[in-house]
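The values are calculated or read from the model by the stated rules, or taken from the named source; none is laboratory data. Every value quoted in this text rests on a predicted model; they were computed, and no experiment measured them. We place every Cβ from the backbone using ideal geometry, glycine too, and count neighbours over all the protein chains shown. When the accessible area is computed, the model is the full protein with side chains, heavy atoms only, and any ligands, DNA or RNA have been set aside. Shrake-Rupley method; radii C 1.70, N 1.55, O 1.52, S 1.80 Å.
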Amino acid sequence: MTHLQSGLSPETLEKAKVELKENPDTAHQDIQEVRDMIITRPDIGFLRTDDAFILRFLRARKFNHFEAFRLLAQYFEYRQQNLDMFKNLKATDPGIKQALKDGFPGVLTNLDRYGRKILILFAANWDQSRYTFVDILRAILLSLESMIEDPELQVNGFVLIIDWSNFTFKQASKLTPSMLRLAIEGLQDSFPARFGGIHFVNQPWYIHALYTVIRPFLKDKTRKRIFMHGNNLNSLHQLMHPEILPSELGGMMPPYDMGTWARTLLDHAYDEETEYCPESYNLSVKDLEKDLSPKAMKRSQSVVEPGVLKRPEKVKSEEENMQPLLSLD
């Protein structure tokens, strides 16, 4: 076992070998294969290329070198494409902080039976007068940046549960195709996380309408991992043991404390006060390792389909001008 696998339990090591085709004897060679491709994309500023960082992309793409490099390029270009989204990406940012306090996201302490981290979102908690959908997306990306440092989660992955109870039609009307696409590209196409399941519970009819709109932008693999449970929590419990779920989801644990994960991040090194200067675009690897937030990184147009995502000059102002997906009229 190399130092790159030192953070993995014996069980996870075996899982990485069987499911991801990870071979400790060739790990350094695999990483170098991906690193050698960087020269083919001089248009992208790859701000971090150390072994541990590249390894998480290989794990996310089952050690397919080309697909791992593709994801690596998309990771950086997405951040370059949306610079305003990644300015001040820290838990102390007012919008992010408020979103975190309202449980965007919530993170359960217990893992599921497959060793996956469980993220939960109570959609009705979104206070649209205090923070935007982009703030929620920023809070989720910041949270994932923190958790993906854990090599166990790089292999085992995550599960997302969204409870739509009391999420109003008025709240849903604030969501737009462009905003939802921005989230899909950030989470599905540009982040090295393995999502084993996305569970919708208590979803009203207009959430089904939203899903119809975003479905074409989802990969087949993603679509197969989305489960619509409605009010049938028993079907959720067949996949997620109630012993580890909070009472709001029909589980045996106490009600979820929305501030739990917020306090974790606020106490963490994600409060680095160093500001990013987009004009210079010069951050050292040392800076990035000190502040794990991915500040102003790049996304490649030639790696993804052209025209999928417009470059917003100011994400929040664009969000305010977007046409709503659902009309209240």
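Values as computed for the structure displayed
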{"item": "Unmet requirement for K90, which otherwise passes all of (1) surrounded by fewer than 19 Cβ atoms within 10 Å (Cβ to Cβ); (2) among the charged types (D, E, K, R); (3) under 30 Å from I162 (Cα atoms)", "result": "(1)"}
{"item": "Matching residues in segment 188-206 - criterion: being part of a helix (DSSP H, G or I) and either crowded, with 20+ Cβ neighbours inside 10 Å or among the acidic types (D, E) (or both)", "result": "D189"}
{"item": "Criterion violated by L58 - all others in (1) closer than 24 Å to L141 by Cα; (2) of a type outside the set (F, W, Y); (3) buried (at least 20 other Cβ atoms within 10 Å of the Cβ); (4) touching a Lys or Arg at 6+ places or on another chain (Cβ under 9 Å) satisfied", "result": "(4)"}
{"item": "I140 touching a strand residue (DSSP E or B) at 6+ places or on another chain (Cβ under 6 Å) and either crowded, with 19+ Cβ neighbours inside 10 Å or assigned to a loop (DSSP other than H, G, I, E, B) (or both)", "result": "no"}
{"item": "Qualifying residue in segment 29-47 (condition: out of contact with any strand residue (DSSP E or B) (no Cβ under 6 Å at 6 or more places or on another chain), of a type outside the set (V, I, T), over 22 Å from Q188 (Cα atoms) and assigned to a loop (DSSP other than H, G, I, E, B))", "result": "yes"}
{"item": "Residue check for G45: in contact (Cβ under 8 Å) with a residue 60 or more places away in the chain, open to solvent by less than 30 Å² (accessible area, probe 1.4 Å) and not charged (D, E, K, R)", "result": "yes"}
{"item": "Identity of the residue in segment 62-82, touching a residue at least 40 places away in the same chain (Cβ under 8 Å) and not in a helix (DSSP H, G or I), that ends up least open to solvent (accessible area, probe 1.4 Å)", "result": "N82"}
{"item": "Meets criteria (of a type in the set (D, E) and over 28 Å from P177 (Cβ atoms)) for D112", "result": "yes"}
{"item": "Residue match in segment 158-168 (condition: at pLDDT 95 or above, hydroxyl-bearing (S, T, Y), within 20 Å of I184 (Cα to Cα) and open to solvent by 10 Å² or more (accessible area, probe 1.4 Å))", "result": "no"}
{"item": "Among (1) surrounded by fewer than 16 Cβ atoms within 10 Å (Cβ to Cβ); (2) part of a loop (DSSP other than H, G, I, E, B) - the single one G251 does not satisfy", "result": "(1)"}
